[in-house]
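The values are calculated or read from the model by the stated rules, or taken from the named source; none is laboratory data. Bear in mind the structure is a predicted one, so any value in this text is a computation, not a measurement. All Cβ positions, even for glycine, are placed from backbone atoms using ideal geometry, and neighbour counts span all protein chains on display.
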Amino acid sequence: QEKPVATVAMDQMEIQMVRKEADESSTDSLEGQYTEPIGSEKTTSLLPEMCMYSFSFSQHPGHTSFGMSVFNLSNAIMGSGILGLSYAMANTGIVIFISLLFAVAILSLYSVHLLLMTAKEGGSLIYEKLGERAFGWPGKMAAFGCITMQNIGAMSSYLFIVKYELPEVIRAFLGLEEISGEWYLNGNYLVVFVSVGVIMPLALLKNIGYLGYTSGFSLSCMVFFLGVVMYKKTQVPCPLPMLDHNSSSESMNASLAHDADDDTCKPKFFVFNSQTVYTMPILAFAFVCHPEVLPIYSELKDRSRRKMQNVSNLSIFAMLVMYMLSALFGYLTFYDSVEAELLHTFTKVYKFDTLLLLVRLAVLTAVTLTVPIVLFPIRSSIVTLMFSGKEFSWIRHMFIAACILTFNNLLVIFVPTIRDIFGFIGASAATMLIFIMPSAFYIRLVKSVPFKSPQKITASVFLVMGVVFMVGSLSLIVLDWIHNPPGTGAH
(Lines give C-alpha, C1' and ligand atoms only; values in the text may rest on other atoms or scores of the structure.)
Protein backbone atom coordinates (compact mmCIF):
# COMPACT_ATOMS: atom_id res chain seq x y z
CA GLN A 1 0.00 0.00 0.00
CA GLU A 2 1.45 3.34 -1.10
CA LYS A 3 1.67 6.25 1.33
CA PRO A 4 0.16 9.64 0.45
CA VAL A 5 2.61 12.16 -1.04
CA ALA A 6 2.49 14.38 2.06
CA THR A 7 3.39 11.42 4.30
CA VAL A 8 6.34 10.46 2.09
CA ALA A 9 7.54 14.06 2.16
CA MET A 10 7.27 14.20 5.95
CA ASP A 11 9.14 10.89 6.29
CA GLN A 12 11.91 12.27 4.12
CA MET A 13 12.05 15.45 6.22
CA GLU A 14 12.23 13.48 9.46
CA ILE A 15 15.09 11.32 8.13
CA GLN A 16 17.01 14.45 7.16
CA MET A 17 16.38 16.08 10.55
CA VAL A 18 17.52 12.97 12.40
CA ARG A 19 20.70 12.81 10.31
CA LYS A 20 21.47 16.46 10.93
CA GLU A 21 20.74 16.24 14.71
CA ALA A 22 22.95 18.80 16.43
CA ASP A 23 24.80 19.36 13.15
CA GLU A 24 22.89 22.58 12.66
CA SER A 25 22.70 24.35 15.99
CA SER A 26 21.98 27.68 14.27
CA THR A 27 18.81 28.59 12.40
CA ASP A 28 20.48 28.65 9.01
CA SER A 29 18.90 25.57 7.48
CA LEU A 30 15.64 25.12 5.66
CA GLU A 31 14.38 22.84 8.42
CA GLY A 32 15.05 25.64 10.91
CA GLN A 33 12.58 27.86 9.03
CA TYR A 34 9.83 25.26 9.32
CA THR A 35 7.65 26.74 12.07
CA GLU A 36 4.17 26.64 10.59
CA PRO A 37 1.65 24.01 11.85
CA ILE A 38 1.42 20.86 9.77
CA GLY A 39 -1.38 21.14 7.28
CA SER A 40 -1.22 24.91 6.85
CA GLU A 41 -1.19 26.23 3.31
CA LYS A 42 2.34 27.64 3.65
CA THR A 43 3.67 24.32 4.94
CA THR A 44 2.03 22.29 2.19
CA SER A 45 3.56 24.51 -0.48
CA LEU A 46 7.00 24.05 1.03
CA LEU A 47 6.87 20.24 1.10
CA PRO A 48 7.75 19.47 -2.55
CA GLU A 49 10.65 21.94 -2.53
CA MET A 50 12.00 20.62 0.77
CA CYS A 51 11.62 17.03 -0.35
CA MET A 52 13.57 17.77 -3.53
CA TYR A 53 16.27 19.50 -1.49
CA SER A 54 16.61 16.50 0.82
CA PHE A 55 16.61 14.12 -2.14
CA SER A 56 19.41 16.04 -3.90
CA PHE A 57 21.66 15.46 -0.89
CA SER A 58 20.76 11.82 -0.29
CA GLN A 59 20.20 10.33 -3.76
CA HIS A 60 23.93 9.63 -4.21
CA PRO A 61 25.14 8.19 -0.89
CA GLY A 62 28.90 8.43 -0.39
CA HIS A 63 31.13 5.44 0.18
CA THR A 64 34.44 7.05 1.19
CA SER A 65 35.48 6.74 4.83
CA PHE A 66 36.40 9.68 7.03
CA GLY A 67 40.09 8.70 7.03
CA MET A 68 40.34 8.36 3.25
CA SER A 69 38.61 11.73 2.84
CA VAL A 70 41.20 13.31 5.15
CA PHE A 71 44.01 11.75 3.09
CA ASN A 72 42.53 13.07 -0.16
CA LEU A 73 41.94 16.60 1.11
CA SER A 74 45.36 16.73 2.80
CA ASN A 75 46.97 15.60 -0.44
CA ALA A 76 45.07 18.29 -2.34
CA ILE A 77 46.40 20.92 0.10
CA MET A 78 49.96 19.59 0.17
CA GLY A 79 51.71 20.78 -2.97
CA SER A 80 55.23 21.53 -4.05
CA GLY A 81 54.94 24.82 -2.14
CA ILE A 82 56.23 23.12 1.01
CA LEU A 83 59.71 23.19 -0.56
CA GLY A 84 59.69 27.00 -0.58
CA LEU A 85 58.41 27.68 2.94
CA SER A 86 61.88 27.79 4.53
CA TYR A 87 62.79 30.57 2.08
CA ALA A 88 59.58 32.37 3.02
CA MET A 89 60.53 32.11 6.70
CA ALA A 90 64.01 33.48 5.98
CA ASN A 91 62.38 36.56 4.42
CA THR A 92 59.77 37.18 7.11
CA GLY A 93 61.33 35.95 10.33
CA ILE A 94 60.11 33.14 12.56
CA VAL A 95 57.46 35.11 14.47
CA ILE A 96 55.90 36.83 11.44
CA PHE A 97 55.94 33.58 9.42
CA ILE A 98 54.21 31.49 12.09
CA SER A 99 51.66 34.27 12.75
CA LEU A 100 50.83 34.54 9.04
CA LEU A 101 50.64 30.76 8.62
CA PHE A 102 48.17 30.45 11.52
CA ALA A 103 46.11 33.37 10.17
CA VAL A 104 45.93 31.82 6.69
CA ALA A 105 44.92 28.42 8.13
CA ILE A 106 42.08 30.05 10.11
CA LEU A 107 40.92 32.02 7.05
CA SER A 108 40.98 28.85 4.94
CA LEU A 109 38.86 27.01 7.52
CA TYR A 110 36.38 29.88 7.57
CA SER A 111 36.27 29.84 3.78
CA VAL A 112 35.53 26.09 3.74
CA HIS A 113 32.80 26.71 6.37
CA LEU A 114 31.15 29.30 4.09
CA LEU A 115 31.37 26.92 1.13
CA LEU A 116 29.76 24.03 3.04
CA MET A 117 26.98 26.28 4.39
CA THR A 118 26.31 27.53 0.87
CA ALA A 119 26.26 23.98 -0.52
CA LYS A 120 23.71 22.96 2.13
CA GLU A 121 21.35 25.87 1.51
CA GLY A 122 21.99 26.00 -2.22
CA GLY A 123 21.09 22.32 -2.47
CA SER A 124 24.09 21.34 -4.61
CA LEU A 125 27.52 19.82 -4.13
CA ILE A 126 28.84 21.17 -7.43
CA TYR A 127 30.70 24.49 -7.43
CA GLU A 128 29.41 25.52 -10.86
CA LYS A 129 25.78 24.90 -9.93
CA LEU A 130 26.18 27.02 -6.81
CA GLY A 131 27.60 29.77 -9.03
CA GLU A 132 24.67 29.43 -11.40
CA ARG A 133 22.09 29.57 -8.58
CA ALA A 134 23.81 32.61 -7.08
CA PHE A 135 24.58 34.70 -10.18
CA GLY A 136 23.19 32.81 -13.16
CA TRP A 137 25.30 31.90 -16.18
CA PRO A 138 28.16 34.37 -15.31
CA GLY A 139 28.52 32.76 -11.88
CA LYS A 140 28.65 29.31 -13.41
CA MET A 141 31.34 30.35 -15.92
CA ALA A 142 33.35 32.16 -13.24
CA ALA A 143 33.43 29.02 -11.09
CA PHE A 144 34.34 26.85 -14.10
CA GLY A 145 37.10 29.23 -15.21
CA CYS A 146 38.66 29.60 -11.74
CA ILE A 147 38.67 25.88 -10.96
CA THR A 148 40.08 25.00 -14.39
CA MET A 149 42.83 27.63 -14.39
CA GLN A 150 43.83 27.01 -10.76
CA ASN A 151 44.05 23.24 -11.18
CA ILE A 152 45.70 23.24 -14.62
CA GLY A 153 48.28 25.61 -13.15
CA ALA A 154 48.81 23.25 -10.21
CA MET A 155 49.10 20.21 -12.51
CA SER A 156 51.61 22.04 -14.69
CA SER A 157 53.75 22.95 -11.67
CA TYR A 158 53.80 19.30 -10.54
CA LEU A 159 54.71 18.07 -14.02
CA PHE A 160 57.47 20.69 -14.21
CA ILE A 161 58.98 19.18 -11.07
CA VAL A 162 58.90 15.74 -12.73
CA LYS A 163 60.45 17.17 -15.91
CA TYR A 164 63.39 18.83 -14.16
CA GLU A 165 63.95 16.67 -11.07
CA LEU A 166 63.49 13.11 -12.34
CA PRO A 167 66.42 13.27 -14.85
CA GLU A 168 68.65 14.60 -12.04
CA VAL A 169 67.62 11.79 -9.69
CA ILE A 170 68.23 9.14 -12.37
CA ARG A 171 71.60 10.70 -13.22
CA ALA A 172 72.64 10.68 -9.56
CA PHE A 173 71.58 7.06 -9.05
CA LEU A 174 73.56 6.05 -12.16
CA GLY A 175 76.59 7.96 -10.85
CA LEU A 176 76.92 10.15 -13.97
CA GLU A 177 78.77 13.47 -13.64
CA GLU A 178 76.44 15.28 -16.03
CA ILE A 179 73.36 14.54 -18.08
CA SER A 180 74.28 13.06 -21.45
CA GLY A 181 72.03 12.63 -24.45
CA GLU A 182 70.34 9.35 -23.45
CA TRP A 183 66.58 9.32 -23.88
CA TYR A 184 65.98 8.15 -20.32
CA LEU A 185 67.61 11.37 -19.07
CA ASN A 186 65.41 13.59 -21.22
CA GLY A 187 62.80 15.36 -19.05
CA ASN A 188 60.31 15.67 -21.91
CA TYR A 189 60.23 11.90 -22.44
CA LEU A 190 60.08 11.18 -18.73
CA VAL A 191 57.13 13.49 -18.07
CA VAL A 192 55.17 11.71 -20.84
CA PHE A 193 56.07 8.26 -19.45
CA VAL A 194 55.01 9.26 -15.94
CA SER A 195 51.75 10.76 -17.25
CA VAL A 196 50.85 7.66 -19.26
CA GLY A 197 52.15 5.02 -16.83
CA VAL A 198 51.16 6.45 -13.43
CA ILE A 199 48.86 9.48 -13.63
CA MET A 200 46.49 8.33 -16.39
CA PRO A 201 45.50 4.98 -14.80
CA LEU A 202 44.74 6.75 -11.49
CA ALA A 203 42.81 9.51 -13.28
CA LEU A 204 40.56 6.87 -14.88
CA LEU A 205 39.11 5.76 -11.54
CA LYS A 206 35.41 6.57 -11.36
CA ASN A 207 35.39 8.22 -7.92
CA ILE A 208 37.88 10.47 -6.17
CA GLY A 209 37.43 8.39 -3.01
CA TYR A 210 39.41 5.52 -4.55
CA LEU A 211 42.49 7.75 -4.54
CA GLY A 212 42.57 7.69 -0.73
CA TYR A 213 45.21 4.95 -0.72
CA THR A 214 47.56 6.74 -3.12
CA SER A 215 46.95 9.98 -1.21
CA GLY A 216 47.96 8.23 2.00
CA PHE A 217 51.15 6.99 0.35
CA SER A 218 51.84 10.46 -1.06
CA LEU A 219 51.51 11.97 2.41
CA SER A 220 53.84 9.26 3.77
CA CYS A 221 56.45 10.39 1.25
CA MET A 222 56.15 13.97 2.51
CA VAL A 223 56.41 12.81 6.14
CA PHE A 224 59.64 11.04 5.13
CA PHE A 225 60.83 14.32 3.57
CA LEU A 226 60.02 16.14 6.81
CA GLY A 227 61.84 13.53 8.89
CA VAL A 228 64.99 13.82 6.80
CA VAL A 229 64.92 17.65 6.95
CA MET A 230 64.70 17.43 10.75
CA TYR A 231 67.51 14.84 10.88
CA LYS A 232 69.80 16.87 8.60
CA LYS A 233 69.50 19.83 10.97
CA THR A 234 71.80 17.89 13.30
CA GLN A 235 74.24 16.99 10.49
CA VAL A 236 74.78 20.20 8.50
CA PRO A 237 77.36 22.61 10.01
CA CYS A 238 76.93 26.36 10.03
CA PRO A 239 78.40 28.33 8.33
CA LEU A 240 78.10 26.01 5.34
CA PRO A 241 81.23 24.22 4.10
CA MET A 242 82.26 24.90 0.49
CA LEU A 243 82.23 21.90 -1.83
CA ASP A 244 84.85 23.23 -4.21
CA HIS A 245 87.71 22.72 -1.74
CA ASN A 246 90.02 19.74 -2.18
CA SER A 247 89.16 18.24 1.15
CA SER A 248 85.65 18.43 2.47
CA SER A 249 86.89 17.83 6.03
CA GLU A 250 89.35 20.74 5.80
CA SER A 251 86.69 23.03 4.43
CA MET A 252 84.32 21.97 7.15
CA ASN A 253 86.90 22.73 9.85
CA ALA A 254 87.66 26.07 8.24
CA SER A 255 83.97 26.85 8.12
CA LEU A 256 83.45 25.95 11.74
CA ALA A 257 86.37 28.18 12.69
CA HIS A 258 84.67 31.07 10.92
CA ASP A 259 84.28 34.40 12.68
CA ALA A 260 82.45 33.65 15.91
CA ASP A 261 80.82 37.07 15.92
CA ASP A 262 79.14 36.44 12.57
CA ASP A 263 75.37 36.38 13.04
CA THR A 264 74.68 34.33 9.90
CA CYS A 265 73.92 31.33 12.11
CA LYS A 266 71.52 33.11 14.41
CA PRO A 267 67.76 32.84 13.82
CA LYS A 268 65.91 36.06 13.05
CA PHE A 269 62.43 36.54 14.46
CA PHE A 270 61.40 39.65 12.49
CA VAL A 271 62.66 40.32 8.96
CA PHE A 272 61.65 43.05 6.52
CA ASN A 273 63.39 43.16 3.14
CA SER A 274 62.61 43.50 -0.56
CA GLN A 275 61.43 39.86 -0.71
CA THR A 276 59.13 39.98 2.32
CA VAL A 277 56.07 41.19 0.43
CA TYR A 278 56.53 38.50 -2.23
CA THR A 279 56.22 35.75 0.36
CA MET A 280 52.69 36.83 1.29
CA PRO A 281 50.99 35.22 -1.75
CA ILE A 282 53.05 32.03 -1.17
CA LEU A 283 51.60 31.74 2.33
CA ALA A 284 48.09 32.80 1.32
CA PHE A 285 47.85 30.01 -1.24
CA ALA A 286 49.39 27.38 1.06
CA PHE A 287 45.99 25.87 1.91
CA VAL A 288 44.18 26.04 -1.45
CA CYS A 289 41.95 22.95 -1.58
CA HIS A 290 38.57 24.49 -2.36
CA PRO A 291 38.00 22.90 -5.80
CA GLU A 292 38.39 19.48 -4.15
CA VAL A 293 36.21 20.15 -1.06
CA LEU A 294 32.81 19.58 -2.70
CA PRO A 295 33.81 16.47 -4.73
CA ILE A 296 35.24 14.90 -1.55
CA TYR A 297 32.13 15.98 0.39
CA SER A 298 29.86 14.36 -2.20
CA GLU A 299 31.59 10.98 -1.73
CA LEU A 300 31.89 11.10 2.08
CA LYS A 301 30.16 8.17 3.78
CA ASP A 302 27.19 9.19 6.00
CA ARG A 303 27.91 12.77 5.01
CA SER A 304 26.83 15.80 6.94
CA ARG A 305 28.12 19.34 6.96
CA ARG A 306 29.67 18.91 10.39
CA LYS A 307 31.45 15.69 9.36
CA MET A 308 32.94 17.36 6.29
CA GLN A 309 33.96 20.37 8.37
CA ASN A 310 35.82 17.96 10.66
CA VAL A 311 37.57 16.45 7.63
CA SER A 312 38.65 19.97 6.63
CA ASN A 313 39.71 20.88 10.18
CA LEU A 314 41.89 17.78 10.55
CA SER A 315 43.41 18.11 7.06
CA ILE A 316 44.29 21.79 7.43
CA PHE A 317 45.63 21.29 10.97
CA ALA A 318 47.83 18.37 9.85
CA MET A 319 49.22 20.41 6.94
CA LEU A 320 49.74 23.40 9.25
CA VAL A 321 51.95 21.26 11.50
CA MET A 322 53.89 19.83 8.55
CA TYR A 323 54.36 23.27 6.98
CA MET A 324 55.55 24.76 10.25
CA LEU A 325 58.04 21.98 11.04
CA SER A 326 59.50 21.78 7.52
CA ALA A 327 59.87 25.57 7.29
CA LEU A 328 61.38 25.86 10.77
CA PHE A 329 63.93 23.04 10.45
CA GLY A 330 64.85 24.02 6.90
CA TYR A 331 65.44 27.60 8.03
CA LEU A 332 67.37 26.62 11.17
CA THR A 333 69.62 24.42 9.01
CA PHE A 334 70.66 27.05 6.46
CA TYR A 335 69.43 30.37 7.92
CA ASP A 336 69.93 33.18 5.36
CA SER A 337 71.61 30.78 2.91
CA VAL A 338 68.40 28.85 2.24
CA GLU A 339 67.29 28.90 -1.40
CA ALA A 340 63.81 29.20 -2.85
CA GLU A 341 63.78 25.40 -3.28
CA LEU A 342 64.90 23.69 -0.06
CA LEU A 343 66.25 20.47 -1.58
CA HIS A 344 68.52 22.40 -3.94
CA THR A 345 70.12 24.06 -0.91
CA PHE A 346 71.38 20.70 0.31
CA THR A 347 73.51 20.38 -2.86
CA LYS A 348 75.72 23.09 -1.37
CA VAL A 349 76.75 20.59 1.27
CA TYR A 350 76.33 17.16 -0.32
CA LYS A 351 77.46 16.30 -3.82
CA PHE A 352 76.05 12.79 -3.52
CA ASP A 353 73.93 11.66 -0.59
CA THR A 354 71.77 8.55 -0.80
CA LEU A 355 69.29 9.72 1.83
CA LEU A 356 68.72 13.04 0.06
CA LEU A 357 68.29 11.23 -3.25
CA LEU A 358 65.60 9.10 -1.65
CA VAL A 359 63.95 12.29 -0.37
CA ARG A 360 63.95 13.80 -3.86
CA LEU A 361 62.44 10.58 -5.18
CA ALA A 362 59.82 10.69 -2.39
CA VAL A 363 58.89 14.30 -3.25
CA LEU A 364 58.62 13.34 -6.93
CA THR A 365 56.33 10.45 -5.99
CA ALA A 366 54.21 12.72 -3.80
CA VAL A 367 53.65 15.40 -6.45
CA THR A 368 52.99 12.77 -9.12
CA LEU A 369 50.29 11.14 -6.98
CA THR A 370 48.72 14.56 -6.34
CA VAL A 371 48.06 15.19 -10.06
CA PRO A 372 45.03 12.81 -10.30
CA ILE A 373 43.43 14.50 -7.25
CA VAL A 374 43.76 17.87 -8.99
CA LEU A 375 42.52 16.49 -12.31
CA PHE A 376 39.18 15.24 -10.94
CA PRO A 377 37.62 18.70 -10.31
CA ILE A 378 38.62 19.88 -13.81
CA ARG A 379 36.88 16.91 -15.40
CA SER A 380 33.87 17.39 -13.12
CA SER A 381 33.67 21.05 -14.19
CA ILE A 382 33.79 20.13 -17.89
CA VAL A 383 31.11 17.46 -17.44
CA THR A 384 28.88 19.89 -15.51
CA LEU A 385 29.30 22.58 -18.15
CA MET A 386 28.95 20.49 -21.32
CA PHE A 387 27.19 17.23 -20.38
CA SER A 388 24.91 18.22 -17.50
CA GLY A 389 22.06 15.78 -16.91
CA LYS A 390 23.56 12.98 -19.05
CA GLU A 391 24.30 9.47 -17.82
CA PHE A 392 27.84 8.55 -16.79
CA SER A 393 29.94 7.41 -19.77
CA TRP A 394 33.29 5.63 -19.40
CA ILE A 395 34.31 6.75 -22.89
CA ARG A 396 33.65 10.41 -22.03
CA HIS A 397 35.29 9.93 -18.61
CA MET A 398 38.50 8.59 -20.19
CA PHE A 399 38.53 10.98 -23.14
CA ILE A 400 38.30 14.12 -20.97
CA ALA A 401 41.08 12.86 -18.68
CA ALA A 402 43.29 12.09 -21.70
CA CYS A 403 42.66 15.54 -23.19
CA ILE A 404 43.50 17.34 -19.91
CA LEU A 405 46.73 15.35 -19.44
CA THR A 406 47.75 15.80 -23.09
CA PHE A 407 47.16 19.56 -22.87
CA ASN A 408 49.25 19.79 -19.69
CA ASN A 409 52.08 17.74 -21.19
CA LEU A 410 52.18 19.97 -24.27
CA LEU A 411 52.34 23.06 -22.05
CA VAL A 412 55.16 21.65 -19.92
CA ILE A 413 57.20 20.46 -22.91
CA PHE A 414 56.77 23.34 -25.37
CA VAL A 415 55.99 26.44 -23.25
CA PRO A 416 58.64 26.71 -20.50
CA THR A 417 57.52 30.21 -19.45
CA ILE A 418 53.94 29.03 -18.90
CA ARG A 419 54.68 28.77 -15.17
CA ASP A 420 55.12 32.54 -14.98
CA ILE A 421 51.82 33.07 -16.79
CA PHE A 422 50.03 30.55 -14.58
CA GLY A 423 51.55 32.26 -11.55
CA PHE A 424 49.57 35.35 -12.55
CA ILE A 425 46.37 33.48 -13.44
CA GLY A 426 46.72 31.16 -10.45
CA ALA A 427 47.00 34.10 -8.05
CA SER A 428 43.71 35.55 -9.29
CA ALA A 429 41.95 32.17 -9.54
CA ALA A 430 43.12 31.07 -6.09
CA THR A 431 41.96 34.35 -4.53
CA MET A 432 38.58 33.90 -6.18
CA LEU A 433 38.29 30.33 -4.86
CA ILE A 434 39.49 31.09 -1.31
CA PHE A 435 38.02 34.51 -0.56
CA ILE A 436 35.63 35.93 -3.13
CA MET A 437 33.40 33.08 -4.35
CA PRO A 438 32.61 31.34 -1.03
CA SER A 439 31.67 34.66 0.61
CA ALA A 440 29.73 35.97 -2.42
CA PHE A 441 27.80 32.68 -2.80
CA TYR A 442 27.08 32.63 0.95
CA ILE A 443 25.73 36.19 0.96
CA ARG A 444 23.57 35.50 -2.09
CA LEU A 445 22.26 31.96 -1.43
CA VAL A 446 21.86 31.71 2.36
CA LYS A 447 18.48 33.40 2.72
CA SER A 448 17.77 32.26 6.28
CA VAL A 449 20.42 34.60 7.73
CA PRO A 450 19.54 38.34 7.65
CA PHE A 451 21.92 40.51 5.64
CA LYS A 452 22.75 42.67 8.68
CA SER A 453 23.53 39.64 10.85
CA PRO A 454 27.10 39.15 12.17
CA GLN A 455 27.53 36.10 9.90
CA LYS A 456 26.86 38.02 6.69
CA ILE A 457 28.76 41.11 7.81
CA THR A 458 31.80 38.88 8.46
CA ALA A 459 31.35 37.25 5.05
CA SER A 460 31.17 40.72 3.45
CA VAL A 461 34.42 41.75 5.16
CA PHE A 462 35.97 38.49 3.94
CA LEU A 463 34.83 39.34 0.39
CA VAL A 464 36.39 42.82 0.53
CA MET A 465 39.58 41.32 1.96
CA GLY A 466 39.73 38.95 -1.01
CA VAL A 467 39.40 41.77 -3.55
CA VAL A 468 42.13 43.78 -1.80
CA PHE A 469 44.40 40.76 -1.59
CA MET A 470 43.89 39.87 -5.26
CA VAL A 471 44.77 43.40 -6.40
CA GLY A 472 47.81 43.41 -4.09
CA SER A 473 49.16 39.98 -5.08
CA LEU A 474 48.70 40.61 -8.82
CA SER A 475 50.45 43.97 -8.47
CA LEU A 476 53.40 42.26 -6.75
CA ILE A 477 53.64 39.69 -9.53
CA VAL A 478 53.63 42.41 -12.21
CA LEU A 479 56.33 44.35 -10.31
CA ASP A 480 58.39 41.18 -10.06
CA TRP A 481 58.01 40.64 -13.83
CA ILE A 482 59.25 44.19 -14.46
CA HIS A 483 62.40 43.62 -12.40
CA ASN A 484 62.88 39.95 -13.40
CA PRO A 485 61.28 39.29 -16.81
CA PRO A 486 59.74 35.79 -17.23
CA GLY A 487 62.14 33.18 -18.53
CA THR A 488 65.30 34.90 -17.34
CA GLY A 489 65.51 33.06 -14.03
CA ALA A 490 66.43 29.48 -13.40
CA HIS A 491 63.74 26.86 -13.25
> Could we say that K129 is among the charged types (D, E, K, R) and under 30 Å from R444 (Cβ atoms) here?
Replying inline: yes
>> I need a count of the residues in the range 181-196 that are touching a residue at least 60 places away in the same chain (Cβ under 8 Å) and assigned to a loop (DSSP other than H, G, I, E, B).
In response: 0
> Can you name the residue in the range 422-478 that is in contact (Cβ under 8 Å) with a residue 40 or more places away in the chain and basic (K, R) and, of all such residues, is surrounded by the most Cβ atoms within 10 Å (Cβ to Cβ)?
Replying inline: R444
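Going by what's in this entry, would G426 be described as of a type outside the set (V, I, T) and in a loop (DSSP other than H, G, I, E, B)?
On the way: of a type outside the set (V, I, T): yes; in a loop (DSSP other than H, G, I, E, B): no.
Considered against the rule, which asks whether it is of a type outside the set (V, I, T) and in a loop (DSSP other than H, G, I, E, B), G426 comes out as no.
For the range 134-148, does any single residue satisfy the condition of being of a type in the set (A, V, I, L, M), out of contact with any Pro (no Cβ under 6 Å at 6 or more places or on another chain), modelled with pLDDT under 90 and under 23 Å from I316 (Cβ atoms)? Explain how you work it out, then say what you get.
Initially, the range 134-148 is screened for residues of a type in the set (A, V, I, L, M), giving 134, 141-143, 147.
From what's left, out of contact with any Pro (no Cβ under 6 Å at 6 or more places or on another chain): 134, 141-143.
Subset that is modelled with pLDDT under 90: none.
Looking through the range 134-148, none of the residues is of a type in the set (A, V, I, L, M), out of contact with any Pro (no Cβ under 6 Å at 6 or more places or on another chain), modelled with pLDDT under 90 and under 23 Å from I316 (Cβ atoms).
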>> Against the definition (under 33 Å from the mean Cα position of the chain (by Cα), modelled with pLDDT of 90 or more and not in a loop (DSSP other than H, G, I, E, B)), how does M17 come out, yes or no?
In response: no
>> List the residue pairs whose Cβ atoms are under 7 Å apart, where the first residue sits in the range 163-180 and is closer than 13 Å to V412 by Cβ and in contact (Cβ under 8 Å) with a residue 24 or more places away in the chain, the second is basic (K, R) and surrounded by 11 or more Cβ atoms within 10 Å (Cβ to Cβ), and the two are 6 or more positions apart or on different chains.
In response: E165/R360
> Restricting attention to the range 310-354, and to residues there that are of a type in the set (V, I, T) and farther than 14 Å from V229 by Cβ, which single residue is surrounded by the fewest Cβ atoms within 10 Å (Cβ to Cβ)?
Replying inline: T354
>> Being among the hydroxyl-bearing types (S, T, Y), under 20 Å from G136 (Cα atoms) and without any contact (Cβ under 8 Å) to a residue 24 or more places away in the chain is the filter here; which residues of the range 376-401 pass it?
In response: S388
> Here are some residues: Y110, Y87. Which one is in a helix (DSSP H, G or I) and at pLDDT below 90?
Replying inline: Y87
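Would you check if L116 is in a helix (DSSP H, G or I), buried (at least 18 other Cβ atoms within 10 Å of the Cβ), touching a Gly at 6+ places or on another chain (Cβ under 9 Å) and not polar (S, T, N, Q)?
Details: in a helix (DSSP H, G or I): yes; buried (at least 18 other Cβ atoms within 10 Å of the Cβ): yes; touching a Gly at 6+ places or on another chain (Cβ under 9 Å): no; not polar (S, T, N, Q): yes.
So L116 does not fit the description; no.
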>> I'm trying to understand the selection: among the residues of the range 355-404, which are touching a Leu at 6+ places or on another chain (Cβ under 8 Å) and surrounded by fewer than 15 Cβ atoms within 10 Å (Cβ to Cβ)?
In response: M398
> Is it the case that L405 is out of contact with any Cys (no Cβ under 9 Å at 6 or more places or on another chain), touching a residue at least 40 places away in the same chain (Cβ under 8 Å), farther than 21 Å from Y127 by Cβ and part of a helix (DSSP H, G or I)?
Replying inline: yes
>> I'd like the residue in the range 285-325 that is within 16 Å of the chain's Cα centre (by Cα) and among the hydroxyl-bearing types (S, T, Y) and, out of all such residues, is nearest to I208 (Cα to Cα).
In response: Y297
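Any chance you could count how many residues in the range 124-175 are outside any helix (DSSP H, G or I), buried (at least 20 other Cβ atoms within 10 Å of the Cβ) and either charged (D, E, K, R) or over 23 Å from the mean Cα position of the chain (by Cα) (or both)?
So the first thing to find is which residues in the range 124-175 are outside any helix (DSSP H, G or I), and the list is 124-126, 136, 175.
Narrowing the set further to residues that are buried (at least 20 other Cβ atoms within 10 Å of the Cβ) leaves 124-126.
Still in the list and also either charged (D, E, K, R) or over 23 Å from the mean Cα position of the chain (by Cα) (or both): none.
Residues in the range 124-175 being outside any helix (DSSP H, G or I), buried (at least 20 other Cβ atoms within 10 Å of the Cβ) and either charged (D, E, K, R) or over 23 Å from the mean Cα position of the chain (by Cα) (or both): 0 in total.
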> Considering the range 220-266 alone, what residues qualify as being at pLDDT 50 or above, more than 21 Å from I94 (Cβ to Cβ), outside any helix (DSSP H, G or I) and among the polar types (S, T, N, Q)?
Replying inline: Q235
> With respect to the numbered conditions (1) part of a helix (DSSP H, G or I); (2) out of contact with any Pro (no Cβ under 9 Å at 6 or more places or on another chain); (3) surrounded by 14 or more Cβ atoms within 10 Å (Cβ to Cβ); (4) not aromatic (F, W, Y), which one is the sole condition not fulfilled by L410?
Replying inline: (3)
